[in-house]
Amino acid sequence: MRVMVLTHNTLLLACVMACVWAWGDGHERNPCALQIVRGGKPRTTLQHHLFNNVLNVPTLAGSVCVTYADVDAALYAASTRITVTPPEREEWMPEELARVGELLLEASRIIAAQYGLTHSEVIHNLPLLDTRKTAIANVCPRFTSPMTCTPGKYRRFDGLCNNLYSPSWGAAKAVFSRFLPPDYGDGISSPRLALDGSPLPNSRHVSSLIHRDDGFHDHAATLMLIAWGQLMDHDFTLTATPLDRRTRNEFEECCNRPPHLKNPYCMEIEIPHDDPFYRLFKFTCIDFARGFPGVQQNCKLGPLIQFNLLTATIDGNTVYGGSASAARELRSGRGGLLRHHEAFPGLPLKALLPLKTDIPDEGCIRSAGSQRCFLAGEIRVNEQLILTCAHTLMMREHNRIALQLAVLNPHWGDERLYQETRRIVIAQIQHVTYNEFLPQLLGRDVMHKFDILLQKEGYWDGYDPKVDPSISSVFSAAAFRFGHSLLPSSVERWSPTHKFIASKRLHELIRQPYDLFRPGVLDEYFMGMLNQPSQAMDDGITQEVTNHLFEKEEDRYGFDLVAFNLQRGREFGVPGYGAWRRFCGLEPILSFEGLAHLMTNNTAAMYARLYKSVDDIDVWSAGVSERPLPGSLLGPVFSCIIGTQMQRIRRGDRYWYELPNQPSSFTPDQLESIRKIRLARILCDNTDNIESLQVYPMVLQDPRINPRVSCKSGIIPHMDLTPWIEVPHALPPQPVLGGPTLKPGGSRTLAQQSFYYSFGLLR
């Protein structure tokens with residue numbers, strides 16, 4: 001395919017053509033691509049015609065008329081600084097997609113300046129302009145353009161065509177959604193400022209003052225909740241950013257480069273000279289890079305919005321990958337099995353994840369060239385060891401089910417076994433998340449409020465094609481980072497008889513999963529996760545991630561995860577704490593004294609020292625500082641944001657496992673079987689020597705309400721796979737992944753109950 005380059009000449013030609021189109025019929029054709037009547041509603045060309053010619057409503061003084069010629073001129077001006085080259089292959093790399101995002105953002109900035117658009121007009125009006133009639137149509141990525149989808153039994157790996165009418169909703173590389181308009185300093189892209197226009201307090205200073213390591217523990221939640229939460233986070237969200245070109249680990253270097261060599265996305269974190277920890281090492285700057293600008297559906301104009309490399313729905317991409325090519329790399333090609341590594345030949349131990357050999361430093365800290373990390377469906381599989389354990393668990397579960405299905409249906413080939421097993425494992429992940437994880441996290445009352453309690457029997461006919469399941473910026477940059485408060489300072493290993501063996505500091509297990517190559521150690525870490533309580537859900541964060549994150553062997557310091565969280569929220573334009581209280585319908589807080597009934601007096605006093613207004617407080621910081629609601633781990637704001645997002649993920653997923661009347665729907669018997677699955681059973685079936693564990697592994701065992709039982713007992717039910725037995729002479733057609741087809745015309749158009757008691761009883 002010929003490479004198409006958006007050059008000055010092509011844009012100039014498009015500009016001329018747009019002018020001819022707009023003005024060729026004299027006054028008979030309205031020249032406005034978008035008309036903004038200040039003090040009234042925004043008007044598209046059709047709306048303008050209706051008001052002016054049909055209803056005889058005159059154009060008000062002070063209105064703005066943006067023409068297609070204006071848009072093409074802005075695109076031409078932007079192209080003098082930004083060159084876009086569409087790839088020859090179908091798939092866009094993040095850096096390539098970012099160039100289109102940059103072009104659109106720069107054109108938006110030019111138009112905003114030309115017409116003096118307000119922040120509100122940039123956010124709400126500018127995206128209404130139809131850019132498909134401008135030169136941007138030449139480089140608008142195919143997956144963001146209109147397409148026709150063919151419903152299929154199995155979901156696509158990239159998430160396209162989940163919604164038949166808005167195919168890119170929730171797809172990989174789609175932009176984050178927003179629950180509230182962005183709060184950018186300049187209204188378009190610069191990081192959030194305080195309400196009075198002054199800079200917000202230094203993010204490292206907020207971290208070191210507010211989020212000190214107090215070491216309190218929550219005596220209900222176990223580390224298994226953290227492991228599952230992080231597994232789900234990596235199923236939902238990964239911001240596209242510029243990375244170190246060699247290791248693909250940290251952000252590209254920002255701190256030690258002169259301005260003319262610095263990446264334009266750099267937003268490094270300066271460390272205060274009196275920092276209580278870093279000054280000991282004369283460490284003065286932490287590298288940080290902003291997220292790439294994304295491309296909205298139909299290449300709309302408007303303010304900066306970053307994009308998500310992952311799919312928004314719960315589709316097991318941590319197990320299977322987020323693209324067809326990644327999925328192929330993870331398959332063994334026989335019996336529907338996933339690739340795995342037989343690390344312990346001759347020993348009765350199950351396999352580990354396959355080894356990562358292509359770029360061994362990607363996502364890893366290696367002290368020797370012979371060391372290897374693991375490969376899975378999501379690139380951050382090695383980010384911390386307990387996450388690697390969770391990945392290993394689900395790979396083993398897939399292979400266990402595939403082997404059983406092959407026995408039940410010996411006529412099935414590799415593709416059918418793989419796709420049917422994948423469909424079952426995705427349903428298991430959805431069920432465990434909403435049946436065990438969310439009830440512990442949110443509590444039954446919050447789940448009832450947001451209508452995310454699972455059906456006990458029968459189908460749930462709750463899919464709504466008008467609901468966009470895309471991950472919101474506030475969920476990604478703030479609310480679902482709640483787990484950082486729960487992280488322990490050390491990770492423990494326990495024996496199969498529930499006896500403590502040893503522990504290791506958390507930072508020594510970040511990007512260093514090498515303990516798992518020792519026979520039997522994986523089970524010991526799982527036993528530790530079952531028996532070790534997490535830290536409390538509060539503003540205290542372990543130093544292992546505020547001072548020692550990604551620490552290298554030769555250093556005595558690392559980075560600060562809290563500072564990263566605050567910086568990410570600000571560069572996303574996530575509004576401050578006060579705006580989210582209003583969004584959630586909560587009582588407004590008008591003074592710092594008013595915070596005292598929501599969090600500790602000391603924390604409220606510290607906020608008063610740092611911020612000028614309660615509304616300025618970063619929502620991640622305030623969210624983890626709020627006192628939890630009854631029966632919940634989270635306070636009111638994070639409960640609201642996560643509840644809203646999880647409602648959208650369920651209602652906006654056409655492949656959701658409880659749904660009827662879809663090509664992907666399970667039979668009633670299959671659905672009933674899926675409802676029997678428990679995380680405890682997945683652990684029992686896929687570890688080597690674990691013989692007993694509590695019924696709900698995300699909560700510490702309690703003899704009365706969460707007892708420890710034998711894996712061989714009937715208390716932990718088995719999932720019955722016999723409903724999947726198929727009579728050979730009644731074979732259905734080959735598996736079809738629902739996918740896009742080009743629309744005709746146009747060469748570039750197109751992609752047991754939720755929980756058995758309130759967890760408040762455990763506190």
Response to the item:
The lone condition residue 421 fails out of (1) touching a helix residue (DSSP H, G or I) at 6+ places or on another chain (Cβ under 6 Å); (2) closer than 30 Å to residue 586 by Cβ; (3) of a type in the set (Ser, Thr, Tyr) is (2)
Worksheet, complete the sentence: Reported set for the range 509-546 where residues are modelled with pLDDT under 95, farther than 22 Å from residue 362 by Cα and part of a loop (DSSP other than H, G, I, E, B) is 536, 537, 538, 539, 540, 541, 542
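Yes/no matrix, rows are residues, columns are (1) under 24 Å from the mean Cα position of the chain (by Cα); (2) more than 19 Å from residue 470 (Cβ to Cβ):
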{"position": "302", "(1), (2)": "yes, no"}
{"position": "310", "(1), (2)": "yes, no"}
{"position": "313", "(1), (2)": "yes, no"}
{"position": "317", "(1), (2)": "yes, no"}
{"position": "325", "(1), (2)": "yes, yes"}
{"position": "330", "(1), (2)": "yes, yes"}
{"position": "336", "(1), (2)": "no, yes"}
{"position": "346", "(1), (2)": "no, yes"}
Discussion item. For the structure I just gave you, tell me whether residue 632 is small (Gly, Ala, Ser), at pLDDT below 95 and in contact with a Ser or Thr (Cβ under 8 Å, 6 or more places away or on another chain).
Written reply: yes
Fill in: the range 113-129 residues that are β-branched (Val, Ile, Thr), paired with ones that are surrounded by fewer than 18 Cβ atoms within 10 Å (Cβ to Cβ) and part of a loop (DSSP other than H, G, I, E, B) (beta carbon under 9 Å, 6 or more apart)
118/38; 123/181
Worksheet item: Which one of the conditions (1) closer than 30 Å to residue 518 by Cα; (2) modelled with pLDDT of 95 or more does residue 359 fail to meet, given that it meets all the rest?
Response: (2)
Item to complete: Take residue 470 and decide whether it is out of contact with any Pro (no Cβ under 6 Å at 6 or more places or on another chain), assigned to a loop (DSSP other than H, G, I, E, B) and closer than 29 Å to residue 330 by Cα.
Response: yes
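Listed residues 180, 209, 193; which is in contact with a Gly (Cβ under 7 Å, 6 or more places away or on another chain) and surrounded by fewer than 18 Cβ atoms within 10 Å (Cβ to Cβ)? Please lay out each step first, then the result.
Details: 180 fails: in contact with a Gly (Cβ under 7 Å, 6 or more places away or on another chain); 209 fails: in contact with a Gly (Cβ under 7 Å, 6 or more places away or on another chain).
On inspection, the qualifying residue turns out to be 193.
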Worksheet item: Looking at (1) crowded, with 19+ Cβ neighbours inside 10 Å; (2) out of contact with any Phe, Trp or Tyr (no Cβ under 6 Å at 6 or more places or on another chain); (3) not in a loop (DSSP other than H, G, I, E, B), which is the one condition that is false for residue 632?
Response: (3)
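Inside the range 719-734, can you point out the residues that are at pLDDT below 95, surrounded by fewer than 15 Cβ atoms within 10 Å (Cβ to Cβ) and not β-branched (Val, Ile, Thr)? Before you say what the answer is, go through the steps one by one.
Filtering the range 719-734 down to residues at pLDDT below 95 leaves 726-734.
Subsequent filtering for residues that are surrounded by fewer than 15 Cβ atoms within 10 Å (Cβ to Cβ) retains 727-734.
Residues satisfying the conditions are 728, 729, 730, 731, 732, 733, 734.
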Discussion item. If residue 501 satisfies all but one of (1) over 30 Å from residue 190 (Cβ atoms); (2) modelled with pLDDT of 95 or more; (3) part of a helix (DSSP H, G or I); (4) more than 25 Å from the chain's Cα centre (by Cα), what's the number of the condition it fails?
Written reply: (3)
Worksheet item: Is the range 603-620 home to any residue that is buried (at least 18 other Cβ atoms within 10 Å of the Cβ), over 19 Å from the mean Cα position of the chain (by Cα) and closer than 30 Å to residue 455 by Cβ?
Response: no
Item to complete: Quick one: residue 135 ticks every box in (1) modelled with pLDDT under 95; (2) surrounded by fewer than 22 Cβ atoms within 10 Å (Cβ to Cβ) except a single one, so which number is it?
Response: (2)
Response to the item:
When the range 585-617 is checked residue by residue, the ones that are in contact with a Lys or Arg (Cβ under 7 Å, 6 or more places away or on another chain) and closer than 26 Å to residue 487 by Cβ are 598, 599
Item to complete: Taking only the range 307-346 into account, find how many residues are surrounded by fewer than 24 Cβ atoms within 10 Å (Cβ to Cβ) and under 30 Å from residue 137 (Cβ atoms).
Response: 6
Discussion item. Suppose we filter the range 421-463 for residues that are in a helix (DSSP H, G or I) and more than 20 Å from residue 235 (Cβ to Cβ); how many remain?
Written reply: 5
Worksheet entry | Checklist (1) out of contact with any Leu (no Cβ under 7 Å at 6 or more places or on another chain); (2) part of a helix (DSSP H, G or I) applied to residue 662, failing item | (2)
Worksheet, complete the sentence: Pairs returned, first residue in the range 70-82 that is closer than 15 Å to residue 115 by Cβ, second residue that is part of a loop (DSSP other than H, G, I, E, B) and among the aliphatic types (A, V, I, L, M), beta-carbon separation under 7 angstrom, 6 or more apart or interchain, are 71/129
Worksheet item: Which is in a loop (DSSP other than H, G, I, E, B) and either among the basic types (Lys, Arg) or farther than 23 Å from residue 226 by Cβ (or both), of 315, 358?
Response: 358
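If we keep just the residues of the range 665-699 that are in a loop (DSSP other than H, G, I, E, B), among the hydrophobic types (A, V, I, L, M, F, W, C) and within 26 Å of the chain's Cα centre (by Cα), which is surrounded by the most Cβ atoms within 10 Å (Cβ to Cβ)? If you could, list the steps in order and put the result at the bottom.
Filtering the range 665-699 down to residues in a loop (DSSP other than H, G, I, E, B) leaves 665-667, 675-678, 687-691, 695-698.
Within this subset, residues satisfying the condition of being among the hydrophobic types (A, V, I, L, M, F, W, C) are 666, 677, 690, 695, 698.
In the following step, the residues that additionally are within 26 Å of the chain's Cα centre (by Cα) were identified as 677, 698.
Numbers: 677: 24, 698: 28.
Checked the range 665-699; the qualifying residue surrounded by the most Cβ atoms within 10 Å (Cβ to Cβ) is 698.
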Discussion item. Please go through (1) surrounded by 15 or more Cβ atoms within 10 Å (Cβ to Cβ); (2) more than 18 Å from residue 509 (Cα to Cα) for residue 372 and return the number of the only condition it doesn't satisfy.
Written reply: (2)
Discussion item. Taking the condition of being in contact with an Asp or Glu (Cβ under 7 Å, 6 or more places away or on another chain) and aliphatic (A, V, I, L, M), how many residues in the range 102-146 meet it?
Written reply: 2
Discussion item. Just to verify a result, which residue in the range 702-711, among those that are at pLDDT 95 or above and assigned to a loop (DSSP other than H, G, I, E, B), is farthest from residue 443 (Cα to Cα)?
Written reply: 711
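The values are calculated or read from the model by the stated rules, or taken from the named source; none is laboratory data. Quick caveat: nothing in here was measured; it's all calculated off a predicted structure. FYI the Cβ positions are ideal-geometry reconstructions off the backbone, even for glycines, and counts take in every protein chain you see.
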